[in-house]
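Contents: one structure, followed by commentary.
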2 protein chains.
Amino acid sequence: MSVGIRHDDLRRRNRAMVIAAVRRAGRPSRTEIAATTGLSHSTISAISSDLIGEGILAEGKPSEAGALKRGRPQVGLGLNPEAAAVMTVVLSLNFLSVAVIDYAGQVISEEQRRLDTLTMSREALIGECVAIVRRRLEDSDIDVRSVARIALAIQGITDTEARAMLWSPITPQTDIAFADILEAEFGIPATMENDCNMMAVALRWRDPERYRDDFIAILLSHGIGMGLVLKGELFTGTHSSGGEFGHMIHRPGGALCRCGRRGCVEAYAGNYAIWRNARQLSEDTEPVADVSDAQMRALAATARERDGPEREAYRKAGEALGYGLGSLFALIDPAPVAMVGVSAAAFDLIEPALREAIAQTAGGQHSKSISFDTEPNELPLIREGCAMRALTFVDQEIFAPGVQTKAGPAAKKNVA
Amino acid sequence: MSVGIRHDDLRRRNRAMVIAAVRRAGRPSRTEIAATTGLSHSTISAISSDLIGEGILAEGKPSEAGALKRGRPQVGLGLNPEAAAVMTVVLSLNFLSVAVIDYAGQVISEEQRRLDTLTMSREALIGECVAIVRRRLEDSDIDVRSVARIALAIQGITDTEARAMLWSPITPQTDIAFADILEAEFGIPATMENDCNMMAVALRWRDPERYRDDFIAILLSHGIGMGLVLKGELFTGTHSSGGEFGHMIHRPGGALCRCGRRGCVEAYAGNYAIWRNARQLSEDTEPVADVSDAQMRALAATARERDGPEREAYRKAGEALGYGLGSLFALIDPAPVAMVGVSAAAFDLIEPALREAIAQTAGGQHSKSISFDTEPNELPLIREGCAMRALTFVDQEIFAPGVQTKAGPAAKKNVA
DNA sequence: AGTGTTTTTTCGAGGCTCGAAAAAATAGGG
DNA sequence: CCCTATTTTTTCGAGCCTCGAAAAAACACT
């Protein structure tokens, strides 16, 4: 199974480590890198000299203006923005958004587009994605050859290999191998990511203090999604993107879910479920296709104003989320939670019932210590996650080739 | 965070890899090891020569009697049984069992003992464990100094550091740092493991073909426990042993569980729950302390014989397990399941309702492809797992010191 | 006994990291 | 304005480690 370490892997790994240290720290000095990586100064000096020679790193002022110190001033090492570029493609309900990002993580160019994903044909959907990527690539400011990777995120289930969308609520189409399609079309390596996983990745980069080793990002939107980081690593299912938190069963045989089953968490906490309950429709009522953000905000406003079916709908949502989280906590222990999406703005209405429900579950004893953040806008987060995901790939595969994070034959292909 | 690879780590890691290859393969030749580890013949030759010199490996006949081949015959490399020894301590309801195992994995000596764990005082419980270990250590056949590690398994919740039992159904006592106690008493490194996790470890060694990267071991006993292997690694919670599958909520506000909460899977599928339902007692009835294996077998026999409350009790158990598994599968995707424990012998009564329930959940589409094994006797499995766990520790820590499986500061201490 | 085949060991080459020492670059003080 | 203390960075030789190729070893077959 797991493979021995060959001698040349050593340099590759340590190169990757230096690049990662620079990406995390911003503009660290060689001394700082030596400290965080545990490698000697000589090694860091040798590696960074190589990397500068290859145009991957560039010298500059150090980040922390700890300027006024006695000795030789530190030289900051930063990522060379021109070393490469990546593209992010975020496909969500009725919305397609693309950005080109330089190697240092700055957005160079972007484009957004509304489209009717629910009714589009398979070909049209693929066509739109290909077309928007092509337009960005043909933008005169960008050197096509420098675009080293494309990361595409979609709401729904993707496979573990990050090649295909298996199922998505934003389209009736299934099993579209977006990653393969884009690779074939543009000759640029591409991956297909789950939107909630990208949210989690982004949170980790945004606030590594709070979101370090174990945390949960939950998307409260038309559907319910989850991104999970455990022991410092993104958690995915064994075959799919996993974490189908929204489709854990809250009440066996309960409310009708968009997925066709009954009693899922989403069937109580998704926008359509809150909407359905707020209008006092039966739990058997077919879920509506879309509820606008404005409608949801109005619903929340009414719920805050007076006790009534709207408030009760949010209570039920909180209860379902609470029991779901409780069951999750039974498996992984409690962890900080970030609530993302339009209903996160109504978290004040959700929280009481949610906490009460958690208290009834195995994670309950720590119920009070669990903390929630809210972030109403998921799109920037998803894009940021995609960007970091793509850049990390570039770091590892292009500039430190042959490194395998986990034992696996995939890396071997790249070497050949 | 993650630390660079120093030059001397290389040899350490590759030594560990060779030892692991030998432990997995039995009596592999040097050529075989080179093939499985991917290292060159020269390296394997050098490392194995070192290891033989240190008395860790020993030469012998090769395992596969591929004797009749043309060239120079292979020399088998095996673990030297006298290189070290480990002890396993399994503490379960009213039962304590200890074994001494040599470095090659053979049982040298064992002792079992009945005791009344539910009513014993904290001191008595600790005292019994210490005493039984001491007796084994003082057994004249065993060189005390060669015992390099003790692995203790208990039903219940342990901490991630594998130091303490936090809570267990077999005793009212909580937070006993067994690992620290045994270390202090005997000066031998010890770990505190969760019983179901050890079952999973054992299954992996017993049948690596079937139980490789992703599988689930479920203990159907008085309580319901789970051991989970994901992506080839034992899955534990972030703070505790995790995997409290039995206490996922099946029905909010439902049947009274032994843990004091309501609606847990265990409150429908644990022995006491099946017993309660079979006797048509209310779901609010306080769980009984123990149901003997004989009583459970009688119950199962009755259920097979005629339709009635017994059969219905097993049906409810299946339903609860099914929905629980379904929720789990929503998070991790379906995987092979091993049912272990006395009620695994009644799996024929459980399976129909279980499959039907899974079909109602997110994992449902693959419901038919999910396969179940049964193993009525959990004790040997737990002991085997403990033994392999302890031996693996010896492999890594004693004979290849300073290796860090995951990035972590702990290793730094060993280097210094 | 000789030949062919496969396994294992030997040996020199090439790389990598490390520690120590040297070099470089600046602030502060007289 | 020059010198010194201080801190960062580079240089250099030593010590390991793995690798590939070739040699040696050990047996089956003819």
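At 0.36 nm per residue, and after removing the present C-alpha to C-alpha distance, how many nm does the segment from B:Ala301 to B:Glu185 gain when stretched out fully? Let's see the in-between values first.
Values: separation 116, 0.36 × 116 = 41.76 nm, distance 4.70 nm.
Once the chain is fully extended between B:Ala301 and B:Glu185, it gains 37.1 nm.
Under the rule a/c < 1.5 gives rounded, and otherwise a/b versus b/c splits prolate from oblate, where does region B:246-301 land using the Cα gyration tensor? Kindly include the intermediate steps, with their values, before the conclusion.
On the way: a/c = 2.06, a/b = 1.87, b/c = 1.10.
Note, shape of region B:246-301 comes out prolate.
Helix B:309-332 against the longest principal axis of chain B: what's the angle in degrees, Cα atoms only, rounded to the nearest 10?
Roughly 50 degrees, rounded to the nearest 10.
Starting from a label point 7 Å past Cα on the Cβ side, list the distances from B:Pro376 to the same position in the other copies, nm, shortest first.
Distances to the matching label points in the other copies: 6.2 nm.
Probe radius 1.4 Å, ligands and nucleic acids left out: which of A:Met339, A:Met388 has the largest accessible area, and how do the rest follow?
Working: A:Met339 0, A:Met388 30 Å².
Result of the area sort, largest leading: A:Met388, A:Met339.
In nm to one decimal, list the spacings between the A:Pro81 label point and its equivalents in the other copies, with label points set 7 Å along Cα to Cβ, shortest first.
Label point to label point, same position, other copies: 6.9 nm.
Hey, any idea what % of the protein assembly as shown's accessible area is carbon plus sulfur with a 1.4 Å probe?
On the way: 17340 of 34900 Å².
It is 50 percent, rounded to a whole number.
Put a label point 7 Å from Cα along the Cβ direction on B:Glu111, then list its distances to the equivalent points in the other copies in nm, shortest first.
When each copy's label point is compared with this one, the spacings are 7.8 nm.
Using alpha-carbon positions, what is the distance between the centroids of region A:147-208 and region B:180-205, in Å?
The distance from the Cα centre of region A:147-208 to that of region B:180-205 comes to 41 Å.
Measuring from centroid to centroid over Cα atoms, what is the spacing of region A:313-377 and region A:221-290 in Å?
Region A:313-377 and region A:221-290 have Cα centres spaced 14 Å from each other.
Relative to the first principal axis of the alpha-carbon coordinates of chain A, what is the inclination of helix A:293-305, with its axis defined by its Cα atoms, in degrees from 0 to 90 and to the nearest 10?
For helix A:293-305, the angle is close to 60 degrees.
Just round it to a whole percent: the fraction of Cα-Cα distances in chain B exceeding 30 Å. Don't skip to the end; give the middle numbers.
Working: 40548 of 86320 pairs.
Beyond 30 Å sits 47 percent of the P(r) for chain B.
At 1.4 Å probe size, with every protein chain present, just tell me what the per residue accessible area of chain A comes to in Å². Numbers along the way, then the final one.
Numbers: 17470 Å² over 416 residues.
Each residue of chain A exposes 42 Å² on average to a 1.4 Å probe.
Just the number: Rg to Rh for region B:207-377, Cα atoms, Kirkwood Rh, two decimals.
Numbers: Rg = 15.2 Å, Rh = 16.0 Å.
Rg/Rh: 0.95.
Once both labels are modelled 7 Å past Cα along the beta-carbon direction, what's the B:Glu54-B:Ile398 spacing in nm?
1.2
Antiparallel versus total DSSP beta bridges in the protein assembly as shown: what percent is that, nearest 5? Intermediate values should be presented prior to the final figure.
Values: 66 of 106 bridges.
Percentage antiparallel, nearest 5: 60.
Hey, what number do you get for chain B at 222 nm if only DSSP H runs of n ≥ 4 count, each worth -39500 (n - 2.57), divided across all residues, to the nearest 500?
Details: 13 runs with 162 residues, N = 416.
Taking each H run of at least 4 residues, the total per residue is -12000 deg cm²/dmol.
Report the accessible area of B:Val337, computed with a 1.4 Å probe over the heavy atoms of all protein chains in place, in Å² rounded to the nearest 10.
Around 0 Å² of this residue is reachable by solvent.
If you fit an axis through the alpha-carbon atoms of helix A:7-25 and take the longest principal axis of the Cα set of chain A, what angle between them do you get, 0 to 90°, nearest 10?
Relative to chain A, helix A:7-25 is tipped by roughly 60 degrees.
The values are calculated or read from the model by the stated rules, or taken from the named source; none is laboratory data. Keep in mind it's a predicted model, so treat the numbers as computed, not measured. With ideal geometry, Cβ positions are generated from the backbone for all residues, glycine too; neighbour counts draw on all protein chains shown. Just so you know, the surface numbers come from the protein's heavy atoms only, side chains and all, with ligands and any DNA or RNA stripped out. Shrake-Rupley method; radii C 1.70, N 1.55, O 1.52, S 1.80 Å.
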